[in-house]
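**Q** This is the structure I have questions about; it appears just below.
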């Protein structure tokens, strides 16, 4: 306010002086004084007018310079307050205070932007924004890892991964969800896709979150099967155990009766023998059912892994040596390759052995009797782009039908006549306890490949 009053005061002084000069000049002309005096007053008037114009122009330029500083974001170049005019010192001080406030607001805004940017790029869920043409504005670190790309300019670039993913990204509206299966680097991922639509400055954008929920799906599936198995085993064991026990008791009594004379025991021995065989069958089937149920109990009683650092070749070699005789007996060439040789992993060797034996044994048995050509089962260990160890068990056998391929990890499901259907379910649970997973791909009459990611 003080600066404003000072400016008004100086302006009124100049206007007043100019008015006095003009009145004096008018009076002298009216009185008929000499023209020299009149000319002097005219010159003085001109000087006053020029001074007034310069004064107003200077103030205008200073305000324009201030506004230009705001426009060009030159908030770090303050106005000098060394002017002798106290009014201008106050004006420049006010300008600098405004610039300081603007700088503080913009600094806070930039800090907030960087804070949100870091959150977006470090959050564990993949985030991607794109416009109606598919041009990508933001793609965070998690999304780049999921898509296996260092940069992404347009969502069309994802078609090489899975066209269904791009179609889902385009199709989903606000609140829409989708589940997309993605195969990459021998691994299968289940992507949960969620989208919302935004309008910013008249332009339409879409914000999509992408998350691999394969582990969660498998965990829920396994939990459901475990709960079912617990109920079934409890009920079956409660019923079968007494039957087996009573059958054993009756069997013992009948064995004793077979030696008795007809005078003591009026039932003929052949009838007793028939009863003995029937009871023996009941006992054997009951015991078989008990063993069957006890096998399924393994799915719910897997110990927690005791992990130690172990060389991958040292982890795989015992399985190869154990199953080499069986492979040779069936005419199968069983091989092992580790690249690099120094590859190591944190794992429980005893639990991983169960998985390897099951998978290699299945691979050795995956050939028809009339198989043409060389029968091969290859174990190869490599490292993926994320530093995870990949163990591949590949055969060139009969392969697995597509319908069965989606069910092979379900407890009790088996394609073998003598199979129990728990081997692969058990293997998947062991891999999950190691923080890894197991995946499979197969082509009928070409072979099957299981991949362990540890």
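**Q** If I model a spin label at residue 94 and residue 339 as a point 7 Å from the Cα along the Cα→Cβ vector, what separation in nanometres do I get?
**A** It works out to 7.7 nm between the two label points.
**Q** Take the Cα gyration tensor of the stretch 308-453, multiply each eigenvalue by 5, square-root it, and list the three semi-axes largest first, rounded to whole angstrom.
**A** 23, 18, 14
**Q** Please tell me the relative contact order of the stretch 319-420 in percent, rounded to the nearest whole number, where contacts are Cα pairs under 8 Å and at least six residues apart.
**A** 27 percent
**Q** Could I ask something else about it? Roughly speaking, what % of Cα-Cα pairs in the stretch 124-212 are separated by over 17 Å, rounded to a whole number?
**A** Pairs farther apart than 17 Å: 42 percent.
**Q** Can you compute the FRET efficiency between residue 101 and residue 201 using 1/(1 + (r/R0)^6), with r the Cβ-Cβ distance and R0 = 22 Å? Round to the nearest 0.05.
**A** After rounding to 0.05, the efficiency reads 0.30.
**Q** Turning to a different aspect of this structure: So, by mean Cβ neighbours within 10 angstrom, what's the order for 319-325, 201-207 with the highest one leading?
**A** 319-325, 201-207
Only the coordinates and a few stated rules stand behind these numbers; no lab work does. Given the structure is predicted, the values throughout are model-derived calculations rather than measurements. Cβ coordinates were reconstructed from backbone atoms using ideal geometry, including for glycine residues, and neighbour counts include every protein chain displayed.
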